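Structure, as structure tokens:
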Amino acid sequence: MAATILVVEDEPAIQTLIAVNLKRAGHEVVGALDAESAQRHINEALPDLILLDWMLPGMSGLEMARRLRGDARTRSVPIIMLTARGDERDKVQGLETGADDYVTKPFSPRELLARIQAVLRRRAPEATEDAVEIGGLRVDPVSHRVAANGQPVTIGPTEFRLLHFLITHPERVHSRSQLLDQVWGDHVFVEERTVDVHVRRLRAALEPTGLERLIQTVRGSGYRLSAEAV
Ligand code: CA
């Protein structure tokens, strides 16, 4: 499972150690030495997961986690706190702030990777390599194959990413701007109606199989993938 991971850590040696190990495991790594530069990266594109050091110069990791959870755009980005503190009260405070997990320094790269995989599987299923099937529609992120009731469906790369995101987050309504963030990764340079264009193409590709009904428009809100009738 390859994910884009933002590593916010002010100690260069630890930053490098983490980056080397995450890259070796196939992840893309974006590094930031403080909360302010991390925020600039986040404004440009949402990462799949944030590794956030507790003790940072300027804004603390704890305060940053609190802000990310308070902002609708970043609310659902998984966060793992890194800390030198092993205190149980600190751990509780970190998790209450909205962190998904908590890793105490010093940690082994293997342990950190295992925690990352576990959080991604739970929180960002689109970043995992598991095939997903709903209502007869099957999407395999490893082979990039889509099948409808067992029949192969050919779709373009953007439609594939859009469908993969929708099918790994079913039954939920996603606004156009959320889809731009999650599927296009950079909402600044793409207009919201681009989403409509690709949804139309995705439905057209699914239409011969009858499964285009799974891609539902929720008026005034956005789109949803559901096996239930509208
Ligand atoms: Ca630190």
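Structural remarks
- Rounded to the nearest 10 degrees, the inclination of helix 35-44 to the longest alpha-carbon principal axis of the chain is 10 degrees.
- Between R89 and V197, the contour length at 0.36 nm per residue exceeds the Cα-Cα span by 33.9 nm.
- The chain - percent relative contact order, Cα under 8 Å, separation 6 or more: 14 percent
- Cα centroid of the stretch 47-123 to Cα centroid of the stretch 199-214, whole Å: 39 Å
- Counting only Cβ charges, +1 for Lys and Arg and -1 for Asp and Glu, the dipole size of the stretch 132-225 around its Cα centre is about 200 debye.
- Listed peptides 18-30, 189-201, 172-184 appear in the order 172-184, 18-30, 189-201 once ranked by packing, highest mean of other Cβ atoms within 10 Å at the front.
- Between helix 12-24 and the chain there is an angle of about 30 degrees, using the helix long axis and the longest principal axis of the Cα atoms.
- Share of carbon and sulfur in the accessible area of the stretch 76-148 stands at 47%, probe radius 1.4 Å.
- Note: relative contact order over the stretch 4-127, using C-alpha pairs below 8 Å and six or more positions apart, is 22 percent.
- Short-range pairs are left out: with C-alpha atoms under 8 Å and at least six residues apart, the relative contact order of the stretch 132-225 is 29 percent.
- The residues of the stretch 132-225 expose, per residue, 52 Å² of accessible area to a 1.4 Å probe.
- Checking every one of the trypsin sites (Lys or Arg not before Pro) in the stretch 53-140 against DSSP loop status and a limit of 16 other Cβ atoms within 10 Å picks out R73, R75, R85.
- log10 of Debye I(q)/I(0), alpha-carbon scatterers only, for the stretch 132-225 at 0.19 Å⁻¹: -0.84
- Angle between the chain longest axis and helix 193-206 axis [Cα atoms, degrees, rounded to 10]: 50 degrees
- Spin-label pair E129/D10, simplified geometry with 7 Å Cα→Cβ offset, distance in nm: 3.8 nm
- When the square roots of the Cα gyration tensor eigenvalues are ordered a ≥ b ≥ c, the ratio a/c for the stretch 1-107 is under 1.5, which makes its shape rounded.
- Residue-averaged [θ]222 nm for the chain, counting only DSSP H segments that reach four residues, each worth -39500 (n - 2.57): -11500 deg cm²/dmol
The values are calculated or read from the model by the stated rules, or taken from the named source; none is laboratory data. Computed from a predicted model, the values in this text were never measured in an experiment. Counting neighbours? That spans all protein chains shown, and the Cβs are built from the backbone with ideal geometry, glycine included. Ligands, DNA and RNA are stripped out before the accessible areas are found, and what is left, the full protein with its side chains, is counted by its heavy atoms. Shrake-Rupley method; radii C 1.70, N 1.55, O 1.52, S 1.80 Å.
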